[in-house]
Amino acid sequence: MEEREAVRRCRGGDREAFGHLVREHQAAVLALCLRMTGSREDAADAAQQAFLQAYRRLETYDPAQPFRPWLMKIAANECIALLRRRGRQPESGDESALERAAAPGPDAPALVELAEDREAVRRAVTALPPPYRTAVIQYYFEGLSYQQMAERSGLPTGTIATHLHRAKQMLRRILSEREVTVHHAP
Amino acid sequence: MHPETERLHLYLSGALDPAERRDVEAHLAGCGECAQALAELAAEDAALAGALGLDPAEAAWVESVDLVEPVMAQIACSPRSTPVLVLVAALLSLAGYLGGSLWTHLLDLLPEPGIGSFIALVRTAGPAALRLVLWLGEGGLLAALWPLFVAGAAIGLGYVLTKGEEKRYA
């Protein structure tokens, strides 16, 4: 069954047609949720909720547009909502404090060196405030262009560039602090 | 003047328009410092993309999870969205309004006891405001309000069935 046909049938009341959409997109949604949450359990939970929300909001989907970006946006929002509910995400009021402390020290190693520790990078990404984390994952993980990110978020490309720039600064700072901790551990 | 880092990001990603791109390239051709900064940005991008990609264990997990059954079980008892309910509410409201108006006009046709002759006089010669008061007094008020009540109840029911669940994730 084609995606467009599945959406059409689902809108007509055929719930089983939605199963086709889940089967088609579940791997991409799970991968995104895994990178956003950093946990398999949370990823599975968020992905399931994302599909449920997509089903409920199917009337708002424009069939002239590709289905996956619309679904991935819902999934990213579900991840952020899930992390906030579980207290693993700073509330919006705390983000400015994080930003003020974002700049890495002058002696911090280069991000290229720090990024060699893949596991540390993934953990650091899950510590970023939601807009920065979303930008990093969309650009480096999903491989979206600035234009696609702007369309998905409704932000200008200049703002997307600022988010990515600050996100990289924060990553460098978080990773360099970890580096210091690891090297000075007894 | 050196371009800002954000601008170099935009240049790297191909998001600048042709004129802006030419400006950046003209600057890069004569500025070793910015050319070096651009090279570092590109290296950072490659490193982050590599670090964030799925490793084989994660890829295997992603492929092994099947969400079809749990999702289908959840949507089996989940209405899709409110627009259908809102449409039903709107149709009920319209039907109520038309029914109420019809009922009011039927009352007009009935002989009116007591002050009937006065009312008839007011209706033919009196101002529109008086006529409205009489219409409301004859049951038009109730006829006008009950469709609103039905619409409110239907929309409320729709909210409870759909948005109540969503609110948990807001």
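If you go through the stretch A:1-24 and keep only what is open to solvent by 10 Å² or more (accessible area, probe 1.4 Å) and assigned to a helix (DSSP H, G or I), you end up with A:3, A:4, A:5, A:8, A:9, A:11, A:16, A:20, A:23, A:24.
Among the residues of the stretch A:70-84, those that are open to solvent by 10 Å² or more (accessible area, probe 1.4 Å) and more than 12 Å from the chain's Cα centre (by Cα) comprise A:70, A:84.
Within the stretch A:128-153, being assigned to a loop (DSSP other than H, G, I, E, B) and under 18 Å from residue A:170 (Cβ atoms) holds for A:128, A:129. Is it true that residue A:98 is at pLDDT below 90, part of a helix (DSSP H, G or I) and closer than 19 Å to residue A:36 by Cα? Judged against the criteria, residue A:98 is a match. Taking the conditions (1) more than 9 Å from chain A (Cβ to nearest Cβ); (2) hydrophobic (A, V, I, L, M, F, W, C); (3) not in a helix (DSSP H, G or I) in turn, residue B:24 satisfies each one other than (3). Identify all residues within the stretch A:152-173 that are open to solvent by 30 Å² or more (accessible area, probe 1.4 Å) and closer than 12 Å to residue B:15 by Cβ; write none if there are none. Listed by number, the residues that qualify are A:156, A:157, A:158, A:159.
When the residues of the stretch A:109-122 are filtered to those that are more than 18 Å from the chain's Cα centre (by Cα) and open to solvent by less than 20 Å² (accessible area, probe 1.4 Å), the one that is farthest from the other protein chains (Cβ to nearest Cβ) is A:114. Scanning the stretch B:8-41 for residues that are under 21 Å from residue A:114 (Cα atoms), open to solvent by less than 40 Å² (accessible area, probe 1.4 Å) and of a type in the set (Gly, Ala, Ser) turns up just one, B:37.
The values are calculated or read from the model by the stated rules, or taken from the named source; none is laboratory data. Source: prediction; values computed, not measured. Every residue, glycine as well, gets a Cβ built from its backbone with ideal geometry; the counts of neighbours run over all protein chains shown. Side chains included, ligands, DNA and RNA excluded: accessible areas come from the protein's heavy atoms. Shrake-Rupley method; radii C 1.70, N 1.55, O 1.52, S 1.80 Å.
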